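Working notes, beginning with the structure itself.
Computed from the coordinates by the stated procedures, all read-outs in this text should not be read as laboratory data. Keep in mind that what you see is a predicted model, and the values were worked out from it rather than measured. Cβ atoms come from the backbone with ideal geometry, glycine included; neighbour counts cover every protein chain shown.
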Amino acid sequence: MTTSTISNGSSTLQRPQQAPSLRATWLFFAAIFVAVYLASLFTPPLLDDVDAAHAEAAQYMVKSGDWITPKIDGIRYIEKPPLPYWAVAILYRATGLEDSFTTHLPNALAILGLSWLSWLWAGRAWGPRAGFYAGLGALTSIGPFLFTRFIIPEAILSFFFLLGLYCLITGLEFDRPRRIYWVWASVALALLTKGLIAIVFFLGAAIPYLLLTDQWRRWRALKPLSGFLLFLAIGAPWHILCGLANPDQGHAVGNHPTLGNVHGFFYFYFVNEHFLRFFGERYPHDYNKLPALWYWLTHIAWLFPWSLFLPAAVAVAWKTRRRWLQHFRRGAGQSVDFHLGNTPRNDVSSYTLRLRFRIRTVWLLSIFSAVTLIFFAISTNQEYYTFPVWTPLLMLIAGVIAEAEERRSANDGRPILSTAWLTGGQAAFAGIGVLSAAILGWGLWDSRHLPAVGDIGTLLAHRDVADYTLAMSHLFDLTGPSFAALRLPAVLAALAVLVGPVVGLALRLKRRHIAATISIALTMTAFLVAAHIAFARFEPMLSSKQLADIIVRDGTPSDTFIVYGDQSYASSVIFYTDHFRKGLALEVEPRCGQHSEGTTLLWGSCYPDAPDIFLSDRQLAAMWGRGNRKWLFAEDTERPPAEQLLAGRLYPVRSIADKTLWTDRPLE
């Protein structure tokens, strides 16, 4: 460990400067990334619902060559912009593989990109140690891990947001005009990833930041004309081409007031999917909103374990509140060292630039986080919608941890934050670890006499929390007996959360701060590996690939696959049998949502040229047992009406978890 002496008036403070070398830092990052993210790309197979459905959209692009209008089972599907589908489709075409690895690789790489950007930015703002901790936070937090298990655009969106914000602040602070073009490009790519919120959130952060720092006067440095043209060149073509390819189509099949006239892409995408969704009026209403208290409290879970140091960050903000307000009133041009303490001032100009960059980083990240969090507190939301603010918040926490460990001082020469705050967070982590280990141990002991069941779905309750419209609804289906199927990951997790936090607390008490903080990351690495093993054990419940394998093994390409209900119930079967089947999958579902509000293909099914894949009960009964072989899939909720409709004519093939596959004639 090296130290430097910091003088301030009559006081002198020894501050440690230890941080891993560049090579050690990235070897450490690479090891965690491989263990937590790369190794988990192989299992489980694609999940039903959104995961395999979005993979179908990418699969269609490769097969059809149509990169403008995504389709699922032949039906238009433009609820989201196409960039995530493009990324997956390019991998499909480049590798020739259409599997879980290639499908989820873009999200994993986005996490790696976030760790790199957070390391780079936090390191420049607070120093190497803060950069190291920020990268660890991006790789080992609960939220990013949970919400990269399936295809959603949030990880990629978060990367483009952070890239754009970083290029904005560095381009202006260090007079690097080319980086301003990266700002415009990043916002355009974010637009192609998630839609109009890319513009809303970025401007919601950038405009107050420019006003606060008085940099709006340098508006020419923002390249408003050439930058905007670059933005249009990247973001506009798909929107224009998609609008031309999907115009209004006259009257719909049904009589629903929203769908009485088949609106084209521009209405559906911009009005229905953006504005009406914000106000909770989007049709169909297949989404939910977290209660306000849970919305805010869940961020403690998504940022865990680093959220345990949020009280330290709040303490820093409180202690420096007056100087923050002074800074706000005086403007950034009169920066004072109110946040992270003095540093050697051999080069006053260089010191001022570093300090100003640090302060402005805090402002920019804080404003962006506040705008995004408040927006989704008002709007409809899912648990992962605030994903883009998780890395900025982790960077702010990393800066606070580093400043406390390095004993940085305020203007009066005293450390701005006592290491007791870090010890408190570490003690909380140890307490949570011991409690979690005890709960896991109790579950293992309680299920010690139960046999390990391969199909964990048979051991789960089906509590239908929030109609399963929240991403984490299935978490409430866990039961005590399910531990019998989760013994290995439960043992690994229990050991990790019992040993790691206790060792970390001992290191913190011995003032071996960097080792204590690293122990948090190592504990979470082991825990997340165990969590993924457990997640893979849920394959029978979350994925229907086993049923797809049966169809490929025992069927013929001319067979017909039918889903009783919405196609999302069996999207993994449709995906994994796509190259085997000659025709499209059929659905026993009213076309154009005449009697259903939950179909994922509602809008596209209303187009007059949509393929006729929708069946009524009468049509299914008439075709069952005639012509080529039929395969019928149904979830448990749809099983009774299917069995009643086709009583005496169903030949069961396989049941897993809460779904069943039948055929219309005995298998040879």
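A compact table of results
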| read-out | value |
| --- | --- |
| Computed E for Leu276/Ala24 - FRET, C-beta separation, R0 51 angstrom, nearest 0.05 | 0.50 |
| Label-point separation, Asp175 to Ala515 (7 Å along Cα→Cβ), nm | 4.6 |
| Sparse-neighbour loop sites [GluC sites (Glu not before Pro); region 585-661; at most 11 other C-beta within 10 Å; DSSP] | Glu597 |
| Placed amide H near Thr663: partners under 5 Å, 5+ positions off or other chain | Leu632, Tyr651, Val653 |
| Per-pair calculated FRET efficiency, R0 = 30 Å: Arg218 and Leu196 via Cβ, rounded to 0.05 | 0.65 |
| Around Lys63: net Lys/Arg minus Asp/Glu count, Cβ-Cβ under 15 Å | -1 |
| Inter-label distance, nm, simple model (7 Å from Cα along the C-beta direction), Val503/Ala621 | 6.6 |
| Among 645-653, 522-530, the order from most to least packed when residues are scored by Cβ within 10 Å on average | 522-530, 645-653 |
| Residue exposure sequence - Arg448, Arg487 - by fewest surrounding Cβ within 10 Å | Arg448, Arg487 |
| Whole-Hz couplings from phi, Karplus 6.51/-1.76/1.60, listed for region 35-49; x for Gly and Pro | 5, 8, 9, 5, 5, 7, 6, 8, 9, x, x, 4, 8, 5, 6 |
| Among 43-53, 212-222, 398-408, the order from most to least packed when residues are scored by Cβ within 10 Å on average | 398-408, 43-53, 212-222 |
